[in-house]
Every structure is written in structure tokens, then in C-alpha cells.
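Asks: There's a structure below that I have some questions on.
The values are calculated or read from the model by the stated rules, or taken from the named source; none is laboratory data. Just so we're clear, the structure is a prediction, and the values are computed from it rather than from any experiment. Quick reminder, even Gly has a Cβ in these numbers, built from the backbone with ideal geometry, and neighbours come from all protein chains shown. Side chains included, ligands, DNA and RNA excluded: accessible areas come from the protein's heavy atoms. Shrake-Rupley method; radii C 1.70, N 1.55, O 1.52, S 1.80 Å.
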Amino acid sequence: MTEAAVQAIELVKWFGTEEIKTYAVRGISFEANYGEMLYIVGPSGSGKTTLLSMISGILRPNSGRVLVKGKEIWTLPPNDIADFRLNNIGFVFQDYHLFPKLTTLENVAIPLILKKQDWDESLRIAGEYLEIVGLQDRATLTPTKLSGGEQQRVALARAIASRPDILIFDEPTASLDGATGRMIISFVKEQLLNEHRCILIVTHDARIYEYGDRIIQMEDGRIVKITSGGLREE
Amino acid sequence: MKGILKIAFKLLVNDRGKFATLIVGITFAVFLMVQMTSVFAGILSKASATIINIGSSVWVMDPAVNNPLNSIQLPDYILDAVRSINGVNYAVPLYSGTSLVKLRDGTYQPCSVLGLDDSSLVGRPELIQGNIQDIFADNGFIVVKDEEFAKLENPTIGTTFELNDHRGVVVGIAKVATSGLFGIPTLYTTFTRAIQYIPSPRFTMAYILVEPKSAADIPHIKAEVAKAGYLALTNKEFQQRVADYYKYQTGVGTNILVMTLISFLVGLSICGQTFYTFVLENMEKFGALKAIGAKGYELVYMILFQALSTGVTGYGLGIGLSSLLIFVAKQKVPNYAAVITFFNLALAFAMVLVIVAVSSYIAVRKVIKIEPFEIFRG
Ligand SMILES: Nc1ncnc2c1ncn2[C@@H]1O[C@H](COP(=O)(O)OP(=O)(O)OP(=O)(O)O)[C@@H](O)[C@H]1O
Ligand SMILES: [Mg+2]
């Protein structure tokens, strides 16, 4: 595997109208490799979420290209992009976005069910992933009964249940206290990162910087700095 | 596909409050719609009782008749004219009128009297007691055993009564398919006796009952009767005419229609509103599903499945509830006019489908527009 896991080439995104364009991303190129945990940091409004969305096939760029696992995703028809996400990308959102009316086990099984796997088989596999995040004894509870950290672990289990090679986290620790946030990220780094996988994390949270392999710093829609190695807060 | 439908079902059912509201809304609407329309169907079938019970293939009448009880007498020459039409197998007169019957205890009871053609007794009812030939016996009358039977003090064969100072004797008890709308008992006798006992205007025939040689002759017979200035209708057409009269010329039809419509609107607004709220509350979750990789049409299937399964459940409960009520009501009120026809069921189902369609349309429009990017941005 010599190709990059994710390759962004001259990505541009603006909002508004043709006359009044507000640029969120002003031409960004970078690569993320397998076995790498890459951070994207920067002030609020600098375009981090916009960039992540374009990379993961959720938001169409105005110009530029995205290659994920060597595949140029924005040339695919919409349903194929959805399938590509389902099979290759796992998401963890800041607000977890778990279904409060489903059990944690069913929540974790959702990507598998979307992949049209058998219901019972999906639940069985979901059980294994709940075990990986250490919540097997919460399987039949609804997420509303869990703590924030536990909910984020359920979201993690859901993100990895379909064994995607690319994991995309947007502010995964923002709703958690410092200790819990560190615990989650160290778990991700130790248990989920391997040489077949690439993890992209957008964060504001300086407390977890040390876990990043590389850190891309953004400002006003541009990359201003790429740092290697666990960065400590200056 | 089955899996996401199961998810959809769980999302809905586990939201107890909304699911209950939806079910109650649809059940209630279906219940009211079926109740209204079956009461109306009951009224219509009772209003056509004479037509159904006599059962003639073709009826000749004055063009102004729109209700079998309010017949307009036909001049005698028409009978001969009808008999001479090509394709007429036979044609006989029918007397239809009402009269006061004085019972043994001295009270009066209005009755509907049908006089059958003496020579053929065309349109005679099925007897459960007595012999049809006894209708020719002195003062012979046949009483119909329907819900009104008791109003004649449950007569038996041999019971006597008075009819315009004439003696009447019950010689037979009959059963008929449908009893009348106006809550009065029915007597059968011969045409001759009917006009003898009941004061009549110049003309005496209410209807001419015609049996064509074959169904193919009916259009010709109708045309010939029309040339004479009268109206010939098949059994079905006559019933339809009565139904149209009640639907469009009396307040009954419009009122029932309005009530049905209101039930429909109530059901629609409860369901549309609740379903919309349900989808709004789950917007982020649907957005997350999209982000994970659910396709637009899969979300649409989920919504449709949720709406449809609620609709069908509510429909079943509503039908069950109204059947139960009609059943109980019929035990208590023998005359309770309600029949659930296939048409009622189909109409209610069609309205449920409209409710389901509108509710899910509103929801689907929302879900289709969800941008996972917005969810992502928080
Ligand atoms: N749908 C939109 N319409 C208009 N402007 C938008 C839209 N989405 C994003 N923007 C703008 O694009 C810029 C980048 O937004 P983005 O959400 O990517 O920032 P961010 O770096 O993720 O910020 P935060 O750290 O607060 O999450 C912001 O100025 C934002 O206002
Ligand atoms: Mg952001």
C-alpha cells in the first residue's frame, strides 16, 4: 500500500451566492496515510468541519479533488458515494447522534443493517464491538441511560462496526470532561489505529494534542502549519 | 431492506406517546367514517326495502317517483300498453300504499300495504308460516315478520284486526330481505282487496312489474315506456334512484358526507401533525443515517413503512371498533340502520391511504432535504 489513505487536492468551498461568496476552504491540499492519526486544528470558523465533510463525501467541493483509498469520490453518482461512505468511512460526531429509542446494541448495528446484513447477525457483530469499547453489559439499555463518555464509546463502536479503513471524528471530546476525553482518544489510538487504518480528528481540545501523529493547523480556510509528532500546548 | 424497515418500526413504536397518538387518531377517524357511512348505507338499503323485497326485474313508474313509498298512481291503459311492448314476458300491477290498522286493543298502527297481482302473485314474499294460497281467503293478509312485527302485537295466524272498518285476518307470516325505513309494519294482500279496503284515488296502480323475455329486451322496453311518458327502471337503477334521492335531495346525504369529511380531516390533522413532529424530532438522527451511508430512497421507505403500518393498524382497530358498536347497537335497537358494506370499508381504507400519503409526503419532503453536512456541523 503505497498510495495515501486520503488525498485532498486543491479543495475549495464557498457558501453564499455567486456574487457574495464566503470562502470556508480556500484551496487545501494534503495527504493522510495508513497507520496515521491526523489532527486538524484551528480557530472556530477556520473551515475544519467543511474540509472534513468534503473529504468524507458529505459536502461537494466547488473545486478540487478528493481521493480516498485511491478512489476519486466526487466523480461518483450520489448513491455510490453513500455506499462508499458506508463501506469505507466511519463517523463519530460531536453530539454522538445515537438513536434514543433504540438500544445501544441496535445503535451499533446500524451500519451493518444499512449494509443489508441479516438482523440477528448484525446484532451479534455489534455485540462484539460493544465489547471492544467495554460496554457489553449496557447492550440492552437505551443511550439516554448512559453517561456522555459511554455514549461516545457507543458512537465509536458504531463507527467501527462495519470495519471501515477511514475514521472521521469531528470534535469527539468536546462534550466530555478532560479525563474522559483523554481516555477515549488513547483508546482510539491504542485499540483502533493499525497499519490499515487512517484516523482524521478535528479538535479544539489542546488536552489531547499529544496523541496526534501529525497536526494540520488551519486558519481562515488555509493550512498554516503541519507539525509532526505529539504537540504539546505552547 | 428488511433491516432498515425493522429499525423504522422500532423508532416509531418505541416512541410510545406519538405512536399512541397516531394510532388513536387513525382509529378514531376510521371509526367515525365507517360509522357514518354504514348508517347511511343502512338507511339507503331500508329506503329501497320494497324494491329489494318485491324483486321485479323492471319497474314502470311515473317519472316523478323518487322513493318507493311515495308512489304516483299510473292510469290503467299503461298496463295494456306495457304488455303490448315487444320483449315483455309479462307485466302485472302492484299496489303500494299505507293504511291505519286498528288493533284488537283499539289502538291504531300505520302499516305499509302491498297488493299483489291476483292472478300471478308476482313479488310474493317467502312464508315462514301459513300457505300463500290463503291470501285469497276472506280478509286474508300476510304479515311480515321484521323488526316492526311487534308493533302489531306479535300476531299469529288467525289474529284479526280492522282496516277502514273492514275485517282483516292474518293468514300467513312472511320473511323479507330488508325491512323498511319508516318503522311501520308491512302487510301483503291481493291487489283487488287492497283497492277494495283502502280508499284510492282514480288510479290504483303504484307500479307495473315487468319481466322481460331477456335482459337484451330491457333497453327497448325502457324506450317504449319513455315514449308513453313514463319511466322504466331495472331493479338496480330504481335502488340507485332512491339512493340518489336521499343523497342529494334530502339533508341526510349531505350531512353524513360532511360528517365523514370532518372525521377524515380530524384524522388527517392529528396524524399529519404528529408524524411531522416525529420526523422533526428525528431529523438529526436521519441526518446521521445519511452521513453513515443510508441512501435517500431508504429513508423514504422508512417513512412510508412507518406511516403505512400505523395506517393499517389504525384502520383495523377502527373497523373492529365500529363493527363492535354496530353489533352491540343491533342487539339493543332492532331497527338500528347500519350495514358495513364493502364500499364503506374501501372508502375508509382509501381515506386512510390519503392520510398516510399526505402525512408521509410532509415527512418525506423534510427528510429528503436533510443535509448531513448540517448535522455534522452541529
Ligand atoms: N451552510 C453554510 N452557509 C454559509 N456559511 C457557512 C455554511 N457552513 C459553513 N459556513 C461558514 O464556513 C466557515 C467555516 O465553517 P466550519 O464549520 O467549517 O468551521 P470550523 O472550523 O469547523 O469551526 P468550529 O470550530 O466552530 O466547528 C465559517 O465561516 C462558517 O460560517
Ligand atoms: Mg466544526
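Asks: Roll a 1.4 Å probe over the protein heavy atoms and report the accessible area of A:Ser63 in Å², nearest 10.
Replies: Accessible surface of A:Ser63 is approximately 50 Å².
Asks: Continuing with the same structure: Sorted by mean Cβ packing within 10 Å, highest first, what order do the peptides A:140-148, A:213-221, B:124-132, A:104-112 take? Spell out each step's value before the answer.
Replies: Values: A:140-148: 14.1, A:213-221: 18.7, B:124-132: 16.2, A:104-112: 27.1.
Peptide ranking by packing, descending: A:104-112, A:213-221, B:124-132, A:140-148.
Asks: Could you calculate the contour length gain from B:Ala64 to B:Tyr336, that is, 0.36 nm times the residue separation minus the distance between their Cα atoms, to one decimal place in nm? Present the calculation step by step, with values, prior to reporting the outcome.
Replies: Working: separation 272, 0.36 × 272 = 97.92 nm, distance 2.94 nm.
Stretched out fully, the B:Ala64 to B:Tyr336 stretch lengthens by 95.0 nm.
Asks: So if each residue of separation counts as 0.36 nm, and I subtract the Cα-Cα distance between B:Thr156 and B:Thr277, what length gain in nm does that give?
Replies: Details: separation 121, 0.36 × 121 = 43.56 nm, distance 6.51 nm.
Result: 37.1 nm gained on full extension.
Asks: Hey, can you list the residues from the range B:283-308 whose accessible area shrinks by 10 Å² or more with all protein chains present, relative to the chain by itself (probe 1.4 Å, no ligands or nucleic acids)?
Replies: Buried on complex formation: B:Glu284, B:Lys285, B:Ala288, B:Leu289, B:Lys290, B:Ala291, B:Ile292, B:Gly293, B:Ala294, B:Lys295, B:Tyr297, B:Glu298.
Asks: Restricting to Cα atoms and excluding each atom paired with itself, what does the Kirkwood estimate give for the range B:248-378 in Å?
Replies: 17.2 Å
Asks: Put simply, what bits of the range A:76-93 lose 40 Å² or more of accessible area when the other protein chains are there, versus the chain on its own (1.4 Å probe)?
Replies: A:Asn79, A:Arg85, A:Phe93
Asks: If you don't mind, there's one more thing I want to ask. Report, as an integer, the average count of C-beta atoms from other chains found within 10 Å of each Cβ along A:37-45.
Replies: Partner Cβ neighbours, averaged per residue: 0.
Asks: What FRET efficiency comes out for A:Glu128 versus B:Thr254 if R0 is 56 angstrom and r is the Cβ-Cβ distance? Round to the nearest 0.05. Walk me through the numbers before you get to the answer.
Replies: Numbers: r = 65 Å, r/R0 = 1.16.
Efficiency, rounded to the nearest 0.05: 0.30.
Asks: Take the solvent-accessible surface of the protein heavy atoms, probe 1.4 Å, and return the percent of it on the protein assembly as shown that carbon and sulfur atoms account for.
Replies: The value for the protein assembly as shown is 55 percent carbon and sulfur by accessible area.
Asks: Hey, another quick one. Note down the net charge around A:Thr49, summing +1 for each Lys or Arg and -1 for each Asp or Glu among other residues with Cβ under 12 Å from its Cβ.
Replies: 0
Asks: Something else about it: Angle check, please: helix B:16-47 long axis (alpha carbons) against the longest principal axis of chain B (alpha carbons), in degrees 0 to 90, nearest 10.
Replies: 10 degrees
Asks: Sticking with this one: Which of the peptides B:231-242, B:26-37 is most tightly packed, and how do the rest follow, going by the mean number of other Cβ atoms within 10 Å of each residue?
Replies: B:26-37, B:231-242
Asks: A further question on this structure: Per residue, how big is the convex hull of the protein assembly as shown when only Cα atoms are used? Give it in Å³.
Replies: Dividing the Cα hull volume of the protein assembly as shown by its residues yields 225 Å³.
Asks: So, for the range B:120-213, what is the accessible surface per residue at a probe of 1.4 Å, expressed in square angstrom?
Replies: Per-residue accessible area for the range B:120-213 comes out at 44 Å².
Asks: Just to be sure I understand: if you take the accessible area of chain A alone plus chain B alone and subtract the pair, with a 1.4 Å probe, what total do you get in Å², rounded to 100? Provide the component values of the computation, followed by the final result.
Replies: Working: alone 11080 and 18300 Å², together 26530 Å².
Counting protein atoms only, the buried area is about 2800 Å².
Asks: Within a Cβ distance under 12 Å of B:Gln129, other residues only, what is the Lys/Arg minus Asp/Glu net charge? Can you show the working numbers first?
Replies: Working: positive: B:Lys145, B:Lys175; negative: B:Glu126, B:Asp134.
Here the charged neighbours net out to 0.
Asks: For the range B:215-227, what does the Karplus curve 6.51 cos²θ - 1.76 cosθ + 1.60, with θ = phi - 60°, yield as ³J(HN,Hα) per residue in whole Hz, taken in order and with x for Gly and Pro?
Replies: Once θ is set to phi - 60°, the couplings for the range B:215-227 become 4, 5, 7, 4, x, 5, 4, 4, 5, 5, 4, 4, 4 Hz.
Asks: Using θ = phi - 60° and the Karplus relation 6.51 cos²θ - 1.76 cosθ + 1.60, list the HN-Hα couplings for the range B:298-313 in order, rounded to whole Hz, with x at every Gly or Pro.
Replies: Calculated HN-Hα couplings, in order: 5, 5, 4, 4, 4, 4, 4, 5, 4, 5, 5, 5, 5, x, 5, 4 Hz.
Asks: Send over the Kirkwood Rh of the range B:75-229, from the inverse of the averaged 1/r over different Cα pairs, rounded to one decimal Å.
Replies: Final number for the Kirkwood radius of the range B:75-229 is 16.5 Å.
Asks: Name the residue from A:His196, A:Thr180, A:Pro61 whose Cα lies farthest towards the positive end of the charge dipole of the protein assembly as shown, charges +1 on Cβ of Lys and Arg and -1 on Cβ of Asp and Glu.
Replies: A:Pro61
Asks: With labels modelled as points extended 7 Å from the Cα through the Cβ direction, what inter-label distance (nm, one decimal) is found for B:Lys175 paired with A:Glu10?
Replies: Placing both labels 7 Å beyond Cα along the Cβ direction yields 9.2 nm.
Asks: For chain B, take the longest principal axis of its alpha carbons; what is the angle in degrees between that and the long axis of helix B:342-369, to the nearest 10 within 0 to 90?
Replies: 20 degrees
Asks: Taking R0 as 45 Å, what FRET efficiency do you get between A:His196 and B:Val312 from their Cβ-Cβ distance, rounded to the nearest 0.05?
Replies: 0.45
Asks: Let's see if you can work this out: charge +1 on each Lys and Arg Cβ, -1 on each Asp and Glu Cβ, no other charges. What is the dipole magnitude of the range B:75-229 about its Cα centre, in debye to the nearest 20?
Replies: Taking the Cα centre of the range B:75-229 as origin, the dipole is about 180 debye.
Asks: Next question, about the same structure. If you add up the charges near B:Val88, with Lys and Arg at +1 and Asp and Glu at -1, over every other residue whose beta carbon is less than 12 angstrom from its beta carbon, what do you get? Don't skip to the answer; put the middle values down first.
Replies: Values: positive: B:Arg83, B:Lys213, B:Lys222; negative: B:Asp80, B:Glu211, B:Asp217, B:Glu224.
Combined, the nearby Lys, Arg, Asp and Glu give -1.
Asks: Might you report the magnitude of the Cβ-based charge dipole of the protein assembly as shown about its Cα centre, with Lys and Arg at +1 and Asp and Glu at -1, to the nearest 20 debye?
Replies: With Lys and Arg at +1 and Asp and Glu at -1, about 140 debye.
Asks: Same structure again: By DSSP, what percent of the beta bridges with both residues in chain A are antiparallel, rounded to the nearest 5? All intermediate terms of the calculation are to be shown ahead of the outcome.
Replies: Numbers: 22 of 40 bridges.
For chain A, the DSSP antiparallel bridge percentage is about 55.
Asks: What residues of the range A:117-144 lie in the reach of a label at B:Lys2, counting those whose backbone N is under 19 Å from a point 7 Å from the Cα along Cα→Cβ?
Replies: Those under the cut-off are A:117-126.
Asks: Now, a different point. What's the FRET efficiency of B:Ile368 with A:Lys71 using the Cβ-Cβ distance as r and R₀ = 30 Å, to the nearest 0.05?
Replies: It comes out at approximately 0.70.
Asks: At 37 °C and a viscosity of 0.692 mPa s, what translational diffusion coefficient does Stokes-Einstein give for chain A, taking Rh as the Kirkwood radius over Cα pairs? Give it in µm²/s as a whole number.
Replies: Estimated via Stokes-Einstein, D reaches 181 µm²/s.
Asks: Which percentage, to the nearest 5, of the DSSP beta bridges contained in the range B:75-229 is antiparallel?
Replies: Approximately 75 percent, going by the DSSP bridge assignments.
Asks: Could you give the nm distance between label points at B:Asp118 and A:Thr22, where each point is 7 Å from its Cα heading toward the beta carbon?
Replies: 10.0 nm
Asks: Could you work out the pair-distance distribution P(r) of chain B from its alpha-carbon pairs, with 20 angstrom bin width and percents rounded to whole numbers?
Replies: 24, 38, 23, 13, 2
Asks: Could you check what % of the DSSP bridge pairs in the protein assembly as shown are antiparallel, to the nearest 5?
Replies: About 65 percent, rounded to the nearest 5.
Asks: Which ³J(HN,Hα) values in Hz, rounded to whole numbers, follow from the phi angles of the range B:110-127 under the Karplus curve 6.51 cos²θ - 1.76 cosθ + 1.60, where θ = phi - 60° and Gly and Pro get x?
Replies: So the Karplus estimates, Gly and Pro as x, are x, 9, 8, 10, 10, x, 8, 3, 4, 7, 10, 6, 4, x, 5, x, 7, 8 Hz.
Asks: Average partner chain C-beta neighbours within 10 Å, per residue of A:48-59?
Replies: Average neighbour count from other chains, rounded to a whole number: 3.
Asks: Using only Cα atoms, tell me the angle between helix A:178-187 and the longest principal axis of chain A; keep it within 0 to 90° and round to the nearest 10.
Replies: In chain A, helix A:178-187 runs at an angle near 90 degrees to the longest axis.
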